[in-house]
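Contents: one structure, followed by commentary.
The values are calculated or read from the model by the stated rules, or taken from the named source; none is laboratory data. Computed from a predicted model, the values in this text were never measured in an experiment. For neighbour counting, all protein chains shown are included, and Cβ atoms are generated from backbone atoms with ideal geometry for every residue, glycine included.
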Amino acid sequence: MKDADFYPIIFRRKSIRTYDPTPLDEDILGNIKDQITSLKPLYNDIEVDFKIISQSDVNSRMMKKAPHYIAAFSEAKEKHTEEGYKTNIGFILQQMDLFFSANGLGSCWQGIPKPRKKVLESSDLEFIILMAFGNPKETLHRNNILEFKRKPLQKICKISDSGVDEILEAARLAPSAINSQPWFFTRNNHVINVHSFKPNIIRAIIMKKYIPIDMGIALYHLKVGAEHFGKTVEIVFDENAKNNTPNGYNYVISLKMD
Ligand SMILES: Cc1cc2nc3c(=O)[nH]c(=O)nc-3n(C[C@H](O)[C@H](O)[C@H](O)COP(=O)(O)O)c2cc1C
């Protein structure tokens, strides 16, 4: 199983919701467990745990089931933003979403289903979210960028320059809960600042808990994009960018490219 450059897979991936219910072979699950241990966090000082659980460990009510799920747990630690630990989980687990897609397996972030009590009680950390995975029973990849339902680049950034557009394109195509695409990007020379929109009260009821996760996902895609184009990336918190966040947005973090 490979985890080379994920940039091309960003242009093909999609959420998979129909699975072959047959569990994956033990050796494949072994590879997946190895991959999980090699994931790179956004923040090194937040304790996280990822458990592979099966269909019977998940309360999914009306949702279609997958043979396996990754259950993500985290220390509930404030980091730059109040819910920075959720952004960390988005950043880490999106590496698995792309890994699955690059290796012929389907996956889908699952905000609604919850693990059963025994799984929740098996960790001292806070349960954050599930990711379903398994052999797909639908087409695994998109063949055309038009198959992505996404906002145009002009709606999600204040930058336009051919050098950076191809990097931002990776973030534009990122998955998000209810496809809300809550991100907005500004730029200061070789730094891309990442912001999230402030939902109105009604939308906040549904979206608030997912926005920090979505932001971690988009940030990971941005990093993949920058590295694909040969940049060395550093993720930094920039007080100045925070103070210059556009109206209606919250500052999240910045990506410095050299
Ligand atoms: C944090 C998060 C939670 C999600 N929760 C669900 C879910 O509970 N059920 C579901 O079918 N899809 C869920 N999704 C998948 C999104 O609906 C999907 O990513 C989005 O519509 C874009 O489609 P795509 O991933 O196929 O590009 C979730 C995605 C994210 C990032």
#### Entry: In segment 2-28, the residues that are exposed (fewer than 14 other Cβ atoms within 10 Å of the Cβ) and more than 16 Å from the ligand (Cβ to nearest atom)
LYS2, ALA4, ASP5, ASP20, PRO21, THR22, ASP25, GLU26, ASP27
### Message
Given the options ILE36, ILE16, name the one that is under 19 Å from ILE217 (Cβ atoms) and touching a Phe, Trp or Tyr at 6+ places or on another chain (Cβ under 6 Å).
### Response
ILE36
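Of the residues LEU29, LEU42, only one is part of a loop (DSSP other than H, G, I, E, B) and either in contact with a Lys or Arg (Cβ under 9 Å, 6 or more places away or on another chain) or within 18 Å of ALA72 (Cβ to Cβ) (or both); which?
Details: LEU29 fails: part of a loop (DSSP other than H, G, I, E, B).
Every option except LEU42 fails the conditions.
Does segment 95-111 contain any residue that is within 11 Å of the ligand (Cβ to nearest atom) and surrounded by fewer than 20 Cβ atoms within 10 Å (Cβ to Cβ)?
Start the filter on segment 95-111 by keeping residues that are within 11 Å of the ligand (Cβ to nearest atom), which leaves 97, 101, 106-111.
If we keep only those that are surrounded by fewer than 20 Cβ atoms within 10 Å (Cβ to Cβ) too, we end up with 111.
Yes, because at least one residue in segment 95-111 is within 11 Å of the ligand (Cβ to nearest atom) and surrounded by fewer than 20 Cβ atoms within 10 Å (Cβ to Cβ).
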### Task
Would you mind finding the one in LEU146, LEU168 that is surrounded by fewer than 23 Cβ atoms within 10 Å (Cβ to Cβ) and either under 22 Å from VAL252 (Cβ atoms) or within 15 Å of the ligand (Cβ to nearest atom) (or both)?
LEU146
### Summary
Checked segment 56-86 for anything out of contact with any strand residue (DSSP E or B) (no Cβ under 7 Å at 6 or more places or on another chain) and in a helix (DSSP H, G or I); matches are SER56, GLY84
### In segment 197-227, the residues that are away from the ligand (no atom under 13 Å from the Cβ) and either among the β-branched types (Val, Ile, Thr) or over 23 Å from PRO8 (Cα atoms) (or both)
PHE197, LYS198, PRO199, ASN200, ILE201, ILE202, ARG203, ALA204, ILE205, VAL224
### Query
Within segment 88-102, is there a residue that is more than 26 Å from ILE253 (Cβ to Cβ) and not assigned by TED's automatic domain parsing to the domain that holds TYR210?
no
### Query
Residues LEU130, LEU140: which one is part of a strand (DSSP E or B), within 13 Å of the ligand (Cβ to nearest atom), surrounded by 14 or more Cβ atoms within 10 Å (Cβ to Cβ) and not basic (Lys, Arg)?
LEU130
### Query
Can we say ILE192 is at pLDDT 95 or above, in contact with a helix residue (DSSP H, G or I) (Cβ under 7 Å, 6 or more places away or on another chain), closer than 30 Å to ALA241 by Cβ and within 13 Å of the ligand (Cβ to nearest atom)?
no
